[in-house]
Amino acid sequence: MTGIPLANRRLRLGMVGGGDGAYIGGIHRFAARLDNNFELVAGAFDVNAERGHAFAAKNYIERNRSYDDYKAMVEGEISRADRIDVVAICTPNHTHFPIAKAFLEAGIHVICEKPMTTTAEDAIALHELAQSTGLFLGVTYTYCGYPMIHEARAMVQRGDLGGIRVVQVEYPLEWMATGIELQGNQQAAWRTDPKKNGRGGSIGDIGTHAYHLAGFVTGLKAEALASDLATFVEGRALDDNAHVMIRYEGGARGLLWSSQVAIGQSNGLRLRVFGEKGSLAWHQEHPNELHFTPLFGAPIVVKRGRDDLSANTQVRTRTPPGHPEGYIEAFANLYSAFASVIRSKACGKAVDEEVIPTSYDGLKGVAFVDAVVDSHEIYDGGWQKPRFV
Ligand code: NAI
């Protein structure tokens, strides 16, 4: 039905959302192209069909594969011999569930933006659907695409840090420090609407990235958490700042901060892990370096591109040391990993999805947001005022 086997051609990619003026869709398109694994051939690029068609035309998509909406796209694509193999969902959060469900039910693999859904029930349903259909559902937790994040993970696994004691992860941003959602900012408007963003504001939007990153590098699983959410911009319906204390299985302690009002922080995602034998630190704005300090030793800067790094790090590296790689390359690493899973599935090969963010990671992210908001809203107890202040 789909003609040439996947092993002998690029994957045919469709996209929902990501049209003119959208943010992440463009990054997906760069990422999909970088390693020559995908060809964008179809889409329903905009909530406004006319704008979507105009965008499709500018991007060399055939008119009969530019669809009014995702439902028409599913219908149109399943009737074609050269239908898409996979769809990238680049729309606001509340639309991920119906769109992903429709494509999975049509037998099409899915690459879905985070958070995977706005409710845990929907996340469970999507995860189960991916499992029962055997289709791939990848979630774009961008930051686990960075080579040095794979190196950090390898160092933890190798025991360089010893047992983990403390995990500090923060994702501060400044762009919503004022009420830009009321001044026509498209991205801020849906992110501050609980019906579209979900129950968590900053914690759903960027806290989920931080939570995934900390778990990815350390391998630790959360046992319990306690949170304090705040909304600093007047009139905003969701948190724009969140502090979360995490107890991990095995006794390690975590502290996670997400903020949309942190002036001076463009994209300040930062992870620090402290173990019994050493610590490591990584900052998204300087992603080619990892800082490792052994107990009683001098700090070491581990740099991307060197021959002695782990295999998972090296396979995600394209340019020699000293030639910076960054965000687009990290995103492309996710796309390449997704392509390899989809190709493997097509020829019935076993797939190692351990370092690839899948529907279960998506589900864990949504469950995290629920726990954080529940902790704040339902169990807002335990606060003690010091006797002297
Ligand atoms: P955006 O507002 O810039 O773009 C959304 C796009 O979706 C627009 O083109 C809009 O017309 C379209 N759209 C909305 N509803 C639609 C529908 N029913 N059918 C077709 N198109 C529809 O939003 P942004 O910032 O690009 O975020 C989109 C998603 O990506 C969100 O889930 C967000 O959390 C995620 N995101 C992920 C990032 C990452 O690092 N992985 C970074 C930024 C966003």
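Note on residue 351 and residue 128: the model spin-label points, each 7 Å out from Cα along the C-beta direction, lie 2.1 nm apart. When the Cα positions of 287, 154, 244 are compared along the charge dipole of the chain, 154 comes out farthest toward the positive end, with charges on each C-beta of Lys, Arg, Asp and Glu.
About its Cα centre, how strong a charge dipole does region 248-389 have in debye, to the nearest 20, once Lys and Arg get +1 and Asp and Glu get -1 at the Cβ? Charge dipole of region 248-389: 300 debye, to the nearest 20. The string of couplings for region 276-292 from the Karplus curve (6.51, -1.76, 1.60, θ = phi - 60°) is 6, 10, x, 9, 9, 9, 9, 10, 4, 7, 9, x, 7, 10, 10, 9, 10 Hz, one whole number per residue in order, with x for Gly and Pro. When only Cα pairs below 8 angstrom with a gap of at least 6 residues are kept, region 276-315 shows a relative contact order of 29 percent.
Per Stokes-Einstein, at 4 °C and 1.567 mPa s, what whole-number D in µm² s⁻¹ belongs to the chain, with the Kirkwood radius over Cα pairs as the hydrodynamic radius? Result for D is 60 µm²/s. Tell me, what is the FRET efficiency for residue 245 and residue 283 to the nearest 0.05, using R0 = 22 angstrom and their Cβ-Cβ distance as r? With a Förster radius of 22 Å, E is 0.50. Relative contact order for region 259-389: 10 percent, from Cα pairs under 8 Å spaced at least 6 residues apart, divided by residue count.
If R0 equals 30 Å, the separation of the Cβ atoms of residue 308 and residue 360 corresponds to a calculated FRET efficiency of about 0.40. Phi angles of region 60-65 translate, via the Karplus equation with coefficients 6.51, -1.76, 1.60 and θ = phi - 60°, into HN-Hα couplings of 6, 8, 4, 4, 6, 10 Hz per residue; Gly and Pro are given as x.
If R0 is 22 Å, what FRET efficiency do you get for residue 237 and residue 383 from their C-beta distance, rounded to 0.05?
In this case the efficiency is close to 0.45.
Summed over qualifying helices (DSSP H, 4 residues or more, each -39500 (n - 2.57)) and divided by its residue number, the chain shows a 222 nm mean residue ellipticity of -10000 deg cm²/dmol. The charge dipole of the chain, taken about its Cα centre with unit charges on the Cβ atoms of Lys, Arg (+1), Asp and Glu (-1) only, comes to about 760 debye.
Modelled spin-label separation between residue 51 and residue 195, with each label point placed 7 Å from Cα along the Cα-to-Cβ direction: 1.8 nm. Projected label points at residue 36 and residue 300, each 7 Å from Cα along the beta carbon direction, are separated by 3.6 nanometres.
Net charge of the neighbourhood of residue 20, taken over other residues with C-beta under 10 Å away and scored Lys/Arg +1, Asp/Glu -1, is +1. By the gyration tensor of its Cα atoms, with a ≥ b ≥ c the square roots of the eigenvalues, what is the shape of region 330-389: rounded for a/c under 1.5, prolate for a/b over b/c, or oblate? Since a/c reaches 1.5 and a/b is larger than b/c, the shape of region 330-389 is classed as prolate.
Using a cut-off of 14 Å between beta-carbons, work out the net charge of the residues near residue 329 (Lys and Arg +1, Asp and Glu -1, residue 329 not included). Spelling it out: positives minus negatives among the neighbours equals +2.
For the chain, the membrane-span-like helix rule (DSSP H, alpha carbon extent of at least 24 Å along the helix axis, mean Kyte-Doolittle at least 0.5) picks out 327-346; this says nothing about an actual membrane. When only alpha carbons of region 152-220 are considered, Rg and Dmax amount to 16.6, 50 Å.
Just so you know, all these numbers are worked out from the coordinates, no wet-lab data involved. Remember, predicted model here, so these are calculated numbers, not experimental data. Counting neighbours? That spans all protein chains shown, and the Cβs are built from the backbone with ideal geometry, glycine included.
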